[in-house]
Amino acid sequence: MYSFFLSHFSSRLTGPSGYLTDGPGNYQYKTKCTWLIEGQPNTVLRLRFNHFATECSWDHLYVYDGDSIYAPLLAAFSGLIVPERYGNETVPEVVSQSGYALLHFFSDAAYNLTGFNISYRVNTCPNNCSGRGECRVGNSTTSVYCECEANWKGEACDIPYCLDDCGYPERGHCQGKSCICKAEWQGPDCSVSVPANSSFWSREEHLEPGLARASHKAVVEQGVMWVIGGYVFNTSDYHMVKAYNLSSKTWLTLDPSVNTVTPRYGHSLALHEGKIYMYGGKIDSTGNVSSQLWVFHIQNQTWVLLNPRPKDQYAVVGHSAHIVPPAQEWDSPVMLVLFGHCPLYGYISNVQEYNIGEWLQLLSCSKT
């Protein structure tokens, strides 16, 4: 099914597949348009953004996982999305788990661009398994999954087991679905010399619920990475605290009480003697910026709100914090909270000092 719009338009799409667009040329000014894609309840509906270009930060497209604006918000798009074949940025695939998707587009009166072309399919595999696998039906008729070819993995069969064939035969070879590098090479594809002359990334894919987030923080203690806070669109499956075992490469099961602290993002974390100190950040539910200082005890997985003697500390977001060891053995370590954005003063260059027990003086006083 195909649909395009004029100003102040709404449409309902009911086919198992189709696409929607703003029509030929640039979209209109001062537009409010809505599409409702109706699949089957509790089936997977996938939207593929083949083209998207709107006035950045002014003209937006919102995608909801349901049949109204009160359903969970899946994504909000504005600006330019470059197709993978044209550049390094990949086209996102938005997934609705309810079987319905509501799309609402708004444009202002100032500037317009070429708009968008979005295709959708009901109950299909992600990205059609990237052409490297077969789409299979799972245990229920409403679940599908990719059965990948021998050399590919991932939810969409888009991750090779052996990148670049491990540089065979010069640098290494593929064995047991992983690269075995020669002594003078390292890295996921045996492309980094030993010793390393550059940094490198390796990609892992995890389908653990509640992971997707932004403006979060993470620290590592005894082989476990603790991920705390972050901004999310859909709070129905949100976890304030997640823990990842770096050795086993698995996400750990935590006591639900670790999520009792009010969700926030843009905060800071600092690790000291098995405790994680969390300061400030923006409270997602209220929009307020916090000056609270929480400590998370890793051993028993509990939060404690600290109430140190106040020294006019600032509520900030987007700052950082670092533990500085004592200069003398009888002194206490201090946590330095650096800069950030304060609702009262805007961006500040202040350094706040916490003496693991009480707030000390501000080390600088200028504001910008």
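The rows are residues; the columns are (1) over 13 Å from the mean Cα position of the chain (by Cα); (2) at negative phi; (3) at pLDDT 90 or above.
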| site | (1), (2), (3) |
| --- | --- |
| 171 | yes, yes, yes |
| 189 | yes, yes, no |
| 207 | no, yes, no |
| 211 | no, yes, no |
| 215 | no, no, yes |
| 231 | no, yes, yes |
| 241 | yes, yes, yes |
| 261 | yes, yes, yes |
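Of all residues in segment 138-154, those satisfying the criterion of being part of a loop (DSSP other than H, G, I, E, B) and of a type outside the set (Val, Ile, Thr) are 138, 139, 140, 143, 149, 150, 151, 154. Residues in segment 244-272 that are of a type in the set (Val, Ile, Thr) and touching a Leu at 6+ places or on another chain (Cβ under 9 Å): 261 only.
Pairs only if they're at least six apart or on different chains, beta carbon under 7 angstrom, first in segment 104-116 and in the same structural domain as residue 51 (by TED's automatic domain parsing), second crowded, with 17+ Cβ neighbours inside 10 Å and of a type in the set (A, V, I, L, M, F, W, C); list them, first residue then second. Listed pairs, sorted by first residue: 105/33; 105/61; 113/53; 114/53; 115/53; 116/49; 116/52; 116/61. Does residue 265 qualify as being touching a residue at least 60 places away in the same chain (Cβ under 8 Å) and either in contact with a strand residue (DSSP E or B) (Cβ under 9 Å, 6 or more places away or on another chain) or of a type outside the set (Val, Ile, Thr) (or both)? Here the answer is no, as residue 265 does not meet what is asked.
What do you reckon, is residue 122 among the aliphatic types (A, V, I, L, M), under 30 Å from residue 102 (Cβ atoms) and at pLDDT 85 or above? So residue 122 fits the description; yes.
Count, please, the residues in segment 87-119 that happen to be of a type in the set (Asp, Glu) and modelled with pLDDT of 85 or more. Count: 1. Looking across segment 258-307 at every residue that is under 28 Å from residue 204 (Cβ atoms) and of a type in the set (S, T, N, Q), the one that is surrounded by the most Cβ atoms within 10 Å (Cβ to Cβ) is identified as 268.
Of the residues making up segment 203-230, those that are in a strand (DSSP E or B) and touching a Gly at 6+ places or on another chain (Cβ under 8 Å) are 214, 217, 221.
Within segment 231-269, being over 22 Å from residue 76 (Cβ atoms) and assigned to a strand (DSSP E or B) holds for 241, 242, 243, 244, 245, 250, 251, 268, 269.
Listed here are the residues, each with its yes/no results for (1) surrounded by fewer than 18 Cβ atoms within 10 Å (Cβ to Cβ); (2) of a type in the set (Phe, Trp, Tyr); (3) part of a helix (DSSP H, G or I).
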{"residue": "116", "(1), (2), (3)": "no, yes, no"}
{"residue": "136", "(1), (2), (3)": "yes, no, no"}
{"residue": "156", "(1), (2), (3)": "no, no, no"}
{"residue": "170", "(1), (2), (3)": "yes, no, no"}
{"residue": "179", "(1), (2), (3)": "no, no, no"}
{"residue": "189", "(1), (2), (3)": "no, no, no"}
{"residue": "196", "(1), (2), (3)": "yes, no, no"}
{"residue": "201", "(1), (2), (3)": "yes, yes, no"}
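Every condition in (1) at negative phi; (2) surrounded by fewer than 18 Cβ atoms within 10 Å (Cβ to Cβ); (3) more than 27 Å from the chain's Cα centre (by Cα) is met by residue 185 except one, and the failing one is (2).
The values are calculated or read from the model by the stated rules, or taken from the named source; none is laboratory data. Fair warning: this is a prediction, and the values are worked out from it, not measured in the lab. Glycine also receives a Cβ, built like all others from the backbone with ideal geometry; neighbour counts cover every protein chain displayed.
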